1. Could you list log10 I(q)/I(0) for region 186-311 at q = 0.20 Å⁻¹, which the Debye formula gives when each Cα is one point scatterer?
2. Per DSSP H run of at least 4 residues, take -39500 (n - 2.57); add these up for the chain, divide by its residues and hand me the 222 nm value, nearest 500 deg cm²/dmol.
3. Provide the gained length on full extension for the span residue 158 to residue 45, in nm with one decimal, where the gain is 0.36 nm per separating residue minus the Cα-Cα distance.
4. Please check: in the Gaussian network model of the chain (C-alpha springs, under 10 Å), which one of 120, 199, 86 has the largest mean-square fluctuation.
5. Would you mind checking the radius of gyration and Dmax of the chain based on alpha-carbon positions, in Å?
6. Go ahead and set up a Gaussian network model of the chain, Cα springs under 10 Å, then flag whichever of 53, 127, 263 fluctuates most.
7. Scaled to the compact-protein estimate 2.2 N^0.38 Å, what is the alpha-carbon radius of gyration of region 23-87, rounded to two decimal places?
8. Taking the Cα centre of the chain as origin, work out the dipole magnitude from +1 charges on Lys and Arg Cβ and -1 charges on Asp and Glu Cβ, in debye rounded to 20.
Amino acid sequence: MGDTTAWLMLAAGDDRARASNDGYDDDPSSHYSWDDTVPNHGKPKKGDVIVLWDKTYLLGASVIEAVDEGTAEKDSHSCPRCDKARIETRTTVLPRLKCYNCGHEFDVPRTRRKTVKTYRTRHGAGWVELEGRLDGARLRSLCLSPKSQLSLRPLDYDRFHAALDGDLALAPLEAAADYVAGGHATAVVRVRRGQSAFRGKLLALYGNECAFSGPAPADALEAAHLYSYAEVGEHKKEGGFLLRRDLHRLFDRGLFAVRPDTWLLDVHVDIRHLQDYGQLHGKPLGVDLTRAQREWLRTHWEQARPTSPEAA
Ligand SMILES: [Zn+2]
């Protein structure tokens, strides 16, 4: 990921909900929208890394699979006297609005409807949750211009990577980046929390058993929905397991994997010293694997342990 272009994008906060525009729709884990009223609007592209924050903390990161462009009608509001867009909305005083620029107070702003060019990323394949792992000050310091106030700002990917103490957390992102760049033959495999009906089906099939650690209270078990990005942006269902909540997360990060030569659990060396996890290393799974699940676990292994000889 040597010469990776990365963007820090503001997912929520003052700039995204101010009185002078009508907001955006975002789901940080799969897409992000902006329009051509934003500086740098035309620059983020397929293959770039997208890092989302909420001004206080890091939320997560991914790689852009595509940027869909379109047009939309957008209302912008300004002061009826000086026409500037910096308007304060007041909750306890009337009139409700006040211009920051000229001090004019008013109830009805000047409204212009204009056509804007819209941009919307697709980035679900590589998404990693990193909530709270870095704070806003640290993220600003990793930008190419630390004093930037823009909602789309260039970020130094290598320093971001280093700030997260190595590459483990970013492994799914980097597997997706290889895939987007065409450097990887296999589809990207991801784990997601399944729908409740799907969970019910798995509970009926497997009972109150985590596939990795054995008996567990039903409340601690999640439906790990196994799927691969057959084509970027599209996901194909493969099946599922019941996994204890923490193991589900560690599996998605590649810290837990299943060896395709023995079908035994492999706990990453970085967490093997923790007794709860280390004692599972080398143990068999508690469920019989279907052929589809074996294929899926093999691909997961190749992503999670790319340098291991068993991946070949
Ligand atoms: Zn004004």
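1. For the requested q values the scattering log ratios are -1.19.
2. Details: 7 runs with 60 residues, N = 312.
Counting only the DSSP helices, I get -5500 deg cm²/dmol.
3. Details: separation 113, 0.36 × 113 = 40.68 nm, distance 1.82 nm.
Residue separation times 0.36 nm, minus the Cα-Cα distance, leaves 38.9 nm.
4. Fluctuation is largest for 86.
5. Considering the chain through its Cα atoms, Rg and Dmax are 23.2, 75 Å.
6. Greatest mean-square fluctuation among the candidates belongs to 263.
7. Values: Rg = 14.8 Å, N = 65, 2.2 N^0.38 = 10.7 Å.
For region 23-87, the normalised Cα radius of gyration is 1.38.
8. Values: 44 positive and 45 negative charges, 177 e Å.
About 840 debye.
Where a number appears in this text, it was derived from the coordinates with a stated rule and is not lab data. Please read these numbers as outputs of a predicted model, since none were measured by experiment. Don't worry about glycine lacking a Cβ; one is built from the backbone with ideal geometry, like all the others, and counts go over all protein chains shown.
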